[in-house]
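What follows is calculated from the coordinates using simple rules that are stated; it is not laboratory data. Computed from a predicted structure; not experimentally measured. Positions of Cβ are generated from backbone atoms using ideal geometry, with glycine treated the same way; all protein chains shown enter the neighbour counts.
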8 protein chains.
Amino acid sequence: MGPPPVTESKAPVVGIVMGSDSDWPTMRAAAEALDEFDVPWEARVLSAHRTPRVMLDWAAAAAGRGLRAVIAGAGGAAHLPGMVASATVLPVIGVPVPLQHLDGMDSLLSIVQMPAGVPVATVSIGGARNAGLLAVRMLGASDPSLARAMERFQTGLAETVAAKDEALAARAHDESSGPVR
Amino acid sequence: MGPPPVTESKAPVVGIVMGSDSDWPTMRAAAEALDEFDVPWEARVLSAHRTPRVMLDWAAAAAGRGLRAVIAGAGGAAHLPGMVASATVLPVIGVPVPLQHLDGMDSLLSIVQMPAGVPVATVSIGGARNAGLLAVRMLGASDPSLARAMERFQTGLAETVAAKDEALAARAHDESSGPVR
Amino acid sequence: MGPPPVTESKAPVVGIVMGSDSDWPTMRAAAEALDEFDVPWEARVLSAHRTPRVMLDWAAAAAGRGLRAVIAGAGGAAHLPGMVASATVLPVIGVPVPLQHLDGMDSLLSIVQMPAGVPVATVSIGGARNAGLLAVRMLGASDPSLARAMERFQTGLAETVAAKDEALAARAHDESSGPVR
Amino acid sequence: MGPPPVTESKAPVVGIVMGSDSDWPTMRAAAEALDEFDVPWEARVLSAHRTPRVMLDWAAAAAGRGLRAVIAGAGGAAHLPGMVASATVLPVIGVPVPLQHLDGMDSLLSIVQMPAGVPVATVSIGGARNAGLLAVRMLGASDPSLARAMERFQTGLAETVAAKDEALAARAHDESSGPVR
Amino acid sequence: MGPPPVTESKAPVVGIVMGSDSDWPTMRAAAEALDEFDVPWEARVLSAHRTPRVMLDWAAAAAGRGLRAVIAGAGGAAHLPGMVASATVLPVIGVPVPLQHLDGMDSLLSIVQMPAGVPVATVSIGGARNAGLLAVRMLGASDPSLARAMERFQTGLAETVAAKDEALAARAHDESSGPVR
Amino acid sequence: MGPPPVTESKAPVVGIVMGSDSDWPTMRAAAEALDEFDVPWEARVLSAHRTPRVMLDWAAAAAGRGLRAVIAGAGGAAHLPGMVASATVLPVIGVPVPLQHLDGMDSLLSIVQMPAGVPVATVSIGGARNAGLLAVRMLGASDPSLARAMERFQTGLAETVAAKDEALAARAHDESSGPVR
Amino acid sequence: MGPPPVTESKAPVVGIVMGSDSDWPTMRAAAEALDEFDVPWEARVLSAHRTPRVMLDWAAAAAGRGLRAVIAGAGGAAHLPGMVASATVLPVIGVPVPLQHLDGMDSLLSIVQMPAGVPVATVSIGGARNAGLLAVRMLGASDPSLARAMERFQTGLAETVAAKDEALAARAHDESSGPVR
Amino acid sequence: MGPPPVTESKAPVVGIVMGSDSDWPTMRAAAEALDEFDVPWEARVLSAHRTPRVMLDWAAAAAGRGLRAVIAGAGGAAHLPGMVASATVLPVIGVPVPLQHLDGMDSLLSIVQMPAGVPVATVSIGGARNAGLLAVRMLGASDPSLARAMERFQTGLAETVAAKDEALAARAHDESSGPVR
């Protein structure tokens, strides 16, 4: 028998961690995605390089405190997602945060290329919203009501595309510079 | 109330899909990791480009058939993980399979850079073993016995490192070419 | 005996598809190129990831509805061109749309590195105008009047270069900062 | 009224060109794909850098001689596809041939990044087979019997995947090292 | 016995060619460097892709008209330098012009990776000034007065560095935010 | 017996060199870091390419004049750090300065990929502050008071993270757009 | 007053750490370089991801135990050098170990792109020998006898080059295939 | 009046320099190309990093000793071509030598991205033969007999292509696996 549905939880079930509050403008998209699904979360500034032990302690306690997934964002030599993964049994989702140079390629490789034994579930560069949605999918695998919410979300995506399709059909020929036909 | 523990399941709970049986030598490491944790799985050859509708049908039915996570491996313009993710609410783990050229960088970018709305949990290039372990972490978030197994696994990793550390200490100076001290 | 000349067609002969209307500012250059050659087109918003079945259905019906080429633009993990190609016998031209990060390199590799069996005719990053011109070349191979129009177009390119050549000769030495000679 | 069906042609309808006979082991896969569809072809060694005028003359005469598409392979600073495209109205398909260094990335960028006005339909690195199949798609757009042959080809690809799927199902669990279940 | 000193020439001895006048803002730095050394030049807009025969004719005639080096700038699939080199015995200097995407990496590889037999002397991305200086070095190898002018130029570079060194020494500590010492 | 503590030195113990004063806005962050630790420094404009002998002479004399580490910044084909290292026994720290194109990747590779025999201690692209801190660590290895200052600095980093953590906790939920909980 | 000369130390003054004994074939070149200078070292297998706390404890105790520099090698998402640096005040030298894919580029970026505050002195991909030599330079800055040994080492490098120069002069013309002169 | 024809010179007119005799297997192709044109050369092992002053002295004396161009090969953080260029007025041709990792991309960027003022004429990765041919072109610009030899060489290249073209025509259809036609 598994744990109760996450949307009935009072306590956070997803931890969102980042190395600096300068990552929050990127990472809040993860929080917003979780909010859309009523999944409680907590956000923490924890640095692999500046507070390594606090970070490990937080990670080691995460599962016991009721968290069921962690989202970790970092940039450059981005060690936070992998180090959190080293100290917890929870699935860790890594968000490569792009910095001033290299367009996030360093962040991506530093997060995704983990050695065998300690995986990090990596999403796209700057893809914090998808990190939140991935956490929802993970939780939904054992929470039918959350899975249904994800189905409705996907239906909504499809409807948005259909509406854009109709709108483009209405204006595409007007906006192109060619001859009237 | 969530589903029963996955290790008591008779039916597969993780689907392992790939575009060709030539990916199996890479992808079987995912199966082996799941076997180590007694997580039942099924393996399928499904191609985004050659059997798109069979692939979508399989993905759409996956959750209803009891699967709780999907591992998808692909190389080059690697569309399989993202397309499976488009047709299921389950978490999809993508394994970038390296092909003859570009060392898997094309596979990685084709899998990880998914647009907002449809995430793929990407692991390292060729990292099928980590894909299996990531699936175990996902399942373990709602299955305490599986989480404990992951803890034992991590303890084992640490013990292996400790043993290697001891062994290296015994031989490192002998093997270096410097003067005796 | 082949089909009638495309420039006499009332119905669209080229389909221009994209994953979101945010791609239209890039993709309209394809439409404008087709307009210059009086080749009728239609534009659609179809998403590989958000409306996979609608997209496959559209692709499967394209040839039967009289389309003779498809231009598909996408960015990031750009799956639309390849997935359309999987469901049609028509030639599919892929336009890598550059997104916020990586300058379109992810889009390019996701489109061009298709596996054997399902080709995509890839043009340059952001090269929607060339996608339109490539469609004209394809159609012109069986439509002599269109081929002649392409010849005139190429003559026009050459004349523009000649005019620029003359203009530069007139001003180059004035604009350089060196001594009068 | 378009030209007669290409499969009834005695004369070549696709030209396959390359800068050196050392590219033939790569490029013959294009010829073989055309053979599978009974599309007549000719193969030429023409060098953008060593025989520029012969190459331009060949390209300029190609359409008049009955060719309806050109496949050009080149490596490194790969100029052949683009230069052929500059001198013909036919669609030109570029195959990036990988050389000893850089894994074909230089070849790819030199072919695909053509300026507006002169497109090259680029396929994957080393993707000569797909170049042949792309030519078939182009020709099939005005040749219903060829389009039907492409449909049968795609059905064949799907059947191959299905057969591999069945075969993998039979052996996957045997080959993984886990406990019997 | 070689030709007369280039600085006594009335006619151009260096040709500066580019595919479009949009390259002139980059390429004029080459002209300005030649002006500083009183080396006469001519500038032409010649396109490998839009005016291939005009370009080849110009290149084939260049040596006979008294040119002794060519500087060619191009971007993207940058074929102009290599194609000019194919049709002349003169040394050709290639300037990779950066375009909107990829930061000039495509331009660089398209120019520098020439096959054995037809070299292009490639300078840095956007390095038109160095292209001019390289032409001066080439010409100076058989023109002692020009070689001496290059020596004076290099002395001038060194003096500029020395002056900047002195100036920095005077202000560096003032501008740093640390404690007075 | 080693040299006296660097913080008691009147003379500079770290040399900061760069190829042009245009690098100073990047490199001054190294000076500022040294200032925070009361480590005396000198800043010089020395160019590997424009004043090679002055640069070598400075490097050869550096250790004798009391310097104990050198920080060298350069961009593009960045030769200064390696060339200084070739002429001194001191540890040389290289700072890859990003230029207009390639985002510093050329600078990084030109500095870090030194051949066996002559190492350069490379820091991140634009990482001049870390270069200063690395010099402090090097000096602190034989200067206990400096090592203690580095410990206090690291404690300060941790405290800053803790403060940001607390601040984020206070505002994260307010700033996310989800429903109140 | 600084510490005693390192070459008189009985205890290790440099720690060489790596994540697995599979890195030892690469990393032993660092040990061998230290041996050439009679600098005592110890080698440890410590994993950032498998034994994070053991690793941090070792790093935190390193300075107190008499170590004065650390050399850390790691590959892929290479976190070991940066994590050791987070827990010590000693200078940490990072060696990017190339793995099966990406040729060490992931290792390099994961090590060198450290955030401000925690530097890692990065050497070339696979450059363990240079890591050892860099440690010698660091130690030599406060140990005149070690600095003199480095001078002798550099003289030796120059002599080797001179000998190779002489040898090449003797055989170069014989080995080239041209006519006798 | 320029210098006498280089093919009448007894003394070397081109210097070929490299950092180690391990580069000779790559660089000898430059010597062989010069031999084909009867251009006398000398080969030297000179290291930017191990014998910086010997290298600068050689470069500074090169023009005075009768050399008229320098070919410099180097790999990794390849500083030799640029440093030689800093100390001579002669044109310097750089050959990026590929090392064990990164396929020569580091070598290429370290050589081609020279700052304004000091150009290096860069050829392809491993392109020593082209370096020799580029030197011949440079010398031929003031030596009509050498220019004519280059014309004959280019004619020879064209003839080789023509012969390969004929040979391929004879065997291409036999070797393709398709049906007889």
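Projecting the Cα atoms of G:THR7, G:PHE37, G:SER110 onto the charge dipole of chain G (Cβ charges, centred on the Cα centre) puts G:SER110 farthest toward the positive pole.
Enter the mean number of other protein chain beta carbons within 10 Å of the beta carbon of each residue in E:33-44, as an integer. All intermediate terms of the calculation are to be shown ahead of the outcome.
Numbers: counts 5, 2, 7, 3, 1, 3, 1, 3, 5, 4, 8, 7.
Other-chain Cβ atoms within 10 Å of each residue's Cβ, averaged: 4.
To the nearest 20 Debye, how big is the dipole of the protein assembly as shown about its Cα centre, given +1 on the beta carbon of each Lys and Arg and -1 on that of each Asp and Glu?
Numbers: 112 positive and 144 negative charges, 0 e Å.
Charge dipole of the protein assembly as shown: 0 debye, to the nearest 20.
The per residue volume of the convex hull around the alpha-carbon atoms of the protein assembly as shown is 163 Å³.
Please state, as a whole number in µm²/s, the translational diffusion coefficient that the Stokes-Einstein equation yields for region C:8-50 at 10 °C and 1.306 mPa s, with Rh defined as the Kirkwood radius across alpha carbon pairs. Estimated diffusion coefficient is 145 µm²/s.
How far, in degrees from 0 to 90, does helix F:24-36 lean away from the longest principal axis of the Cα atoms of chain F, to the nearest 10? Between the helix axis and the principal axis of chain F, the angle is about 80 degrees.
Structure remark: mean-square fluctuation, Gaussian network model of chain F, C-alpha springs under 10 Å; the largest value among F:PRO81, F:PRO115, F:PRO96 belongs to F:PRO115.
Farthest towards the positive end of the charge dipole of chain H, among the residues H:TRP24, H:VAL97, H:LEU46, is the Cα of H:LEU46, using unit charges on the Cβ of Lys, Arg, Asp and Glu. For region C:14-142, a simple Cβ point-charge model (Lys and Arg +1, Asp and Glu -1, everything else neutral) yields a dipole of about 320 debye relative to the Cα centre. With springs only between Cα atoms under 10 Å apart, run a GNM on chain E and tell me which of E:LEU133, E:LEU99, E:LEU157 wobbles the most. Highest fluctuation among the options: E:LEU157. What is region D:29-92 by shape, rounded, prolate or oblate, if you read a ≥ b ≥ c off the alpha carbon gyration tensor as root eigenvalues and call it rounded for a/c under 1.5, prolate for a/b larger than b/c, and oblate otherwise? Oblate shape, in that a/c is at least 1.5 and b/c is the bigger or equal ratio. The shape of region F:90-154 comes out oblate: with a ≥ b ≥ c from the C-alpha gyration tensor, a/c is at least 1.5 while a/b does not beat b/c. For B:LYS10, the aspartates and glutamates whose Cα comes closer than 14 Å to its Cα, not counting residues fewer than 8 places off in the same chain, are B:ASP35, B:ASP38, B:GLU42.
What does the helix-only formula give at 222 nm for chain D: each DSSP H stretch with n ≥ 4 adding -39500 (n - 2.57), the total divided by the residues, and the result rounded to the nearest 500 deg cm²/dmol?
On the way: 6 runs with 84 residues, N = 181.
Only helices count here, giving -15000 deg cm²/dmol.
When the expected Rg is taken as 2.2 N^0.38 Å, what fraction or multiple of it is the alpha-carbon Rg of region D:14-142?
Working: Rg = 13.0 Å, N = 129, 2.2 N^0.38 = 13.9 Å.
Cα Rg divided by the expected 2.2 N^0.38 Å: 0.93.
For the rotation bringing F onto E, which F residue has its Cβ nearest the axis, and at how many Å? Minimum Cβ distance to the axis, with residue: F:ASP103, 5. Residues C:THR122, B:THR51, F:THR155, H:THR160, arranged from fewest to most other Cβ atoms within 10 angstrom of their Cβ, appear as F:THR155, H:THR160, B:THR51, C:THR122.
Give me H:HIS173, E:HIS101 ranked fewest to most by other Cβ atoms within 10 Å of their Cβ, as a rough exposure proxy. Could you put the intermediate results ahead of the total?
Working: H:HIS173 16, E:HIS101 22.
Final ranking by Cβ density, sparse to dense: H:HIS173, E:HIS101.
For region H:24-76, the list of trypsin sites (Lys or Arg not before Pro) that fall in a loop by DSSP and count at most 14 other C-beta atoms within 10 angstrom reads H:ARG65. Remark: relative contact order (region B:44-156) = 21 percent; criterion is Cα-Cα distance under 8 angstrom and separation of 6 or more residues.
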